[in-house]
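Structure first, then comments.
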Amino acid sequence: MYQDISRSIEACAAHYGEEAEAVKAYLIEGQAKALALPNRGPLKFDADGNIDAEILDAYAEYGFYIFEDVLSQDELKDIEADIKKMRENFPAHMGAATDGQGRPALGADNKAPTLQWARPLSDPLGGTDIFNGRHQVKLFEPEAPETAPPAVPVYLAGSLQFSPACLRTYAHPGLLKMAEAINGPDFVPFTEGLFIKDAGLGAAVSWHQDGDTHWDSPDFDKDIHGFNFMGQVYGSTAVNGVWVIPGSHKIGRANIAEMVEAAGTERLPDAVPLICNPGDVVINSRQIIHGSFANTGFEPRLSVNFGFHKRSSVLNVCGAGMHAEATIMDEAFIDKRSRLIGLAIDARRQRFPEETPYHYEPFAHRQDEFKWSAAAQAGLKDYNLMDLSI
Ligand SMILES: O=C(O)CCC(=O)C(=O)O
Ligand SMILES: [Fe+2]
């Protein structure tokens, strides 16, 4: 059972004037197509504790998979409590140094990117050069309600330094087993953040593919730019969720402007929405064509994003400069950035002592060095300056 979003579908369509009926049909048909695909279900393992082969086949085929009911009630409650606390400490408005209570705002003295804002219901990236121009077209920007603030939070980068609950989810043993199955046991971090799409306000993320550095590589394959996990705190719908074109992770770099032109609409006909309940976690290839429309509906979405790469995609590669300044990512650099995995495993072990922790092969002889504490959290300040951006 999924959320009934018929009111949101109506509200969304109403923004589109003459195209209202077409928008409504797109949302309803997309929803049906998404739910008919055989790429959702619980995390399943074989007798050896490896991820079920059918899951791997479906992920390889479609470029995304929805793991149902991965985050427990306790884990979700922890995340929601952290989000509440963080939001209370967000800058009072875009650019403010203090929060609503006059305290120094979250991220106010960070060097690395933290909270990003956008005009309500806008498409801040579409058609710009930001992120090396990967968001090729500008999506329709519905009119925001008169009561809306001039800017709303849309993305929190470096989220693991602010939220111990998100850090613990980063070490979810089943999800890390999936990371291992896709990227090998010596997989490495990528970046982590929260996508915030408040009801009736959240901005769009225009159609794009995430990868940058390896499209022309002689070793190009469907997994070379890694993947993102997207943990859904409130669920994800046709109106507020990410849409993807199943299978498009295999075809190389797409000309999205041409696709929109050929379709005669920004509503790419082959795309389907990621439909999730709270606690579901999506794995999404970074090469899949994906994007999300402005959230004109009544349900909020908050995605807890964290990705992983194959070590070979990153080692001694010059970064793309999208998430962090471009630099050669050598072994020592990767090792330092990977401490987040070691710390997350320890933080999770402390909170869920009855669970068998994930065994991260690169730290097989060093996991004991990683001790989660308030001091360790303070040491994560600006850790995302070292995101492994490819
Ligand atoms: O959550 C969204 O709306 C966009 C997500 C996205 O583009 C990504 O995770 O790469
Ligand atoms: Fe993306």
**Message:** Kindly evaluate Arg301 against the criterion of being touching a residue at least 24 places away in the same chain (Cβ under 8 Å), within 19 Å of Glu192 (Cβ to Cβ), among the basic types (Lys, Arg) and touching a Ser or Thr at 6+ places or on another chain (Cβ under 9 Å).
**Reply:** yes
**Asked** What pairs come up if the first residue lies in segment 320-337 and is more than 10 Å from Thr213 (Cβ to Cβ), the second is in a loop (DSSP other than H, G, I, E, B) and among the acidic types (Asp, Glu), and their beta carbons are under 8 Å apart, counting only those six or more places apart or on different chains?
**Response** His323/Asp387; Ala324/Asp387; Arg337/Asp387
**Asked** Of all residues in segment 285-299, which are more than 12 Å from ligand 1 (Cβ to nearest atom) and either out of contact with any Leu (no Cβ under 9 Å at 6 or more places or on another chain) or of a type in the set (Phe, Trp, Tyr) (or both)?
**Response** Gly297, Phe298, Glu299
**Asked** Only one of these conditions is not met by Asp223: (1) charged (D, E, K, R); (2) within 16 Å of ligand 1 (Cβ to nearest atom); (3) outside any loop (DSSP other than H, G, I, E, B). Which number is it?
**Response** (3)
**Listing of helices (runs of 4 or more DSSP H) fully contained in segment 302-390 that carry 3 or more residues being in contact with a strand residue (DSSP E or B) (Cβ under 6 Å, 6 or more places away or on another chain) and more than 20 Å from Ile79 (Cα to Cα)** = none
**Complete:** A careful count of residues in segment 174-212 that are in contact with a His (Cβ under 8 Å, 6 or more places away or on another chain) and either within 16 Å of ligand 2 (Cβ to nearest atom) or free of Cβ contacts under 8 Å to residues at least 12 places away in the same chain (or both) gives 10
**Asked** In segment 229-244, how many are within 16 Å of ligand 2 (Cβ to nearest atom) and surrounded by fewer than 24 Cβ atoms within 10 Å (Cβ to Cβ)?
**Response** 1
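Residue by residue, here is whether (1) touching a residue at least 40 places away in the same chain (Cβ under 8 Å); (2) among the basic types (Lys, Arg); (3) surrounded by fewer than 18 Cβ atoms within 10 Å (Cβ to Cβ) holds:
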position	(1), (2), (3)
Ser122	yes, no, no
Asn132	yes, no, yes
Glu146	no, no, yes
Ala151	yes, no, no
Ala157	yes, no, no
Ser163	yes, no, no
Arg168	yes, yes, no
Ala171	yes, no, no
**Request:** Just need a number here: residues in segment 269-284 that are within 16 Å of ligand 1 (Cβ to nearest atom), closer than 17 Å to Ala22 by Cβ and in contact with a helix residue (DSSP H, G or I) (Cβ under 6 Å, 6 or more places away or on another chain).
**Result:** 2
**Message:** Residue pairs, Cβ under 8 Å, 6 or more apart or interchain, first in segment 93-119 and at positive phi, second in a loop (DSSP other than H, G, I, E, B) and buried (at least 16 other Cβ atoms within 10 Å of the Cβ). List them.
**Reply:** Gly107/Pro91; Gly107/Thr114; Gly107/Gly158; Gly107/Phe162
**Complete:** For segment 4-24, the count of residues that are under 24 Å from the mean Cα position of the chain (by Cα) and closer than 20 Å to Ala271 by Cβ equals 4
**Prompt:** Considering segment 62-112 alone, what residues qualify as being among the acidic types (Asp, Glu) and in a helix (DSSP H, G or I)?
**Reply:** Asp74, Glu75, Asp78, Glu80, Asp82, Glu88
**Prompt:** How many residues, within segment 25-42, are within 26 Å of the chain's Cα centre (by Cα) and assigned to a helix (DSSP H, G or I)?
**Reply:** 11
**Item:** Asn316 vs. criteria within 30 Å of Val152 (Cβ to Cβ), of a type in the set (S, T, N, Q) and more than 16 Å from ligand 1 (Cβ to nearest atom)
**Value:** no
**Prompt:** Hey, any hits in segment 224-238 for a residue that's among the β-branched types (Val, Ile, Thr), under 17 Å from the mean Cα position of the chain (by Cα) and over 30 Å from Val317 (Cα atoms)?
**Reply:** yes
**Message:** If I ask for residues that are part of a loop (DSSP other than H, G, I, E, B) and either buried (at least 22 other Cβ atoms within 10 Å of the Cβ) or more than 16 Å from ligand 1 (Cβ to nearest atom) (or both), which ones from segment 247-266 would you list?
**Reply:** Gly247, Ile251, Gly252, Asn255, Gly264, Thr265
**Message:** For segment 1-15, give me the residue count where each residue is more than 22 Å from Asp280 (Cβ to Cβ) and either at pLDDT below 95 or in contact with a Lys or Arg (Cβ under 9 Å, 6 or more places away or on another chain) (or both).
**Reply:** 2
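The values are calculated or read from the model by the stated rules, or taken from the named source; none is laboratory data. Remember, predicted model here, so these are calculated numbers, not experimental data. So basically every Cβ, Gly included, is an ideal-geometry build from the backbone, and we count neighbours across all protein chains shown.
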